[in-house]
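Structure record follows, encoded as structure tokens.
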Amino acid sequence: MRQKIVAGNWKMNGSKALVQQLTSRIGSEMASLENGVGLVIIPPALYVPGVVESSSAGFGVGVQNIACWESGAYTGEISAAMAIDIGCAYTLVGHSERRQLFAETDEQIAAKVEQAVNAGLTVILCVGETLEQRDAGTAERVVSAQVRAGLANVSDDQWPNVVVAYEPVWAIGTGKTATAEDAQAMHVAIRRELKSIGAPADNVSILYGGSVKADNAPALFAQPDIDGGLIGGASLKADEFMSICRAVPGGY
Ligand code: PEP
């Protein structure tokens, strides 16, 4: 059975005060979640220790990015081993903002995934097509290629440490969301690709991300291949984030 996950990507937002406010609200309300969903908080790296301090409440903590090298003279970078050392269990890799603004390539992304799973982190590999690619009818081909390339270095025993997040680029931070049917169709295509590269695809959680809010989450999460969400803007508002977490159907 696949783990249902809701992960909050704070991007480059937050402060010590916000860490305190959000983690205490989330921590105290988590106990009332009855759907078995796993919560993950992904703050900017500098705030990870503050979030980890509150993580006894039961949520996981992640970083937004890691280096594609193990250690050494890479000023400004953070290694997978450091993320583990400071108390993280997760890392995002290949978020579309990293791909677009920092020109991350599929090869770098594959190297980061490799570093992450070798160190014992669970990687949330982000994939998604641009609006031009969707309009051109190539969305499925683009996303499948990203999945294949990004996970090229994962070995058989490391699949339990892999989560995929489907995030159409045109839906991130724009207020536009894929319809539940379109998102479901892409999740099926991703699962098919996972199968074709030898992953135990039925056990790999695939999250949807892109302007998920409390009002659209129930329809998205009701789809059989959508195993939760990667939430950006709405993860900075405790009420909204907890409503999204509650929208995951129970019984798993
Ligand atoms: C994200 O940053 O991964 C994301 C999905 O952002 P938003 O929810 O704000 O669209």
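The values are calculated or read from the model by the stated rules, or taken from the named source; none is laboratory data. What you see is a predicted model, and the numbers here were worked out from it, not measured in a lab. Cβ placement follows ideal geometry from the backbone for every residue including glycine, while neighbour counts extend to all protein chains displayed. With ligands, DNA and RNA removed, areas are computed over all heavy atoms of the protein, side chains included. Shrake-Rupley method; radii C 1.70, N 1.55, O 1.52, S 1.80 Å.
Results, tabulated for the structure shown:
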{"quantity": "Local electrostatic count at Ala7 - Lys and Arg +1, Asp and Glu -1, tallied over other residues with Cβ under 13 Å", "calculated": "0"}
{"quantity": "Apportionment of accessible area to carbon and sulfur, region 44-121, percent (1.4 Å)", "calculated": "52 percent"}
{"quantity": "Within-13-Å neighbourhood charge of Glu114 [Cβ basis; K, R +1; D, E -1]", "calculated": "-2"}
{"quantity": "Sorted peptide list for 73-81, 150-158, criterion being average Cβ within 10 angstrom, highest first", "calculated": "150-158, 73-81"}
{"quantity": "Alpha-carbon centroids, region 73-105 and region 204-220: separation in whole Å", "calculated": "23 Å"}
{"quantity": "Cβ-defined net charge surrounding Asp135, 15 Å radius [Lys, Arg +1; Asp, Glu -1]", "calculated": "-1"}
{"quantity": "Gyration tensor verdict on the chain (Cα atoms; rounded if a/c is under 1.5, prolate if a/b is larger than b/c, oblate otherwise)", "calculated": "rounded"}
{"quantity": "Accessible area per residue, Å², the chain with all protein chains present, probe 1.4 Å", "calculated": "43 Å²"}
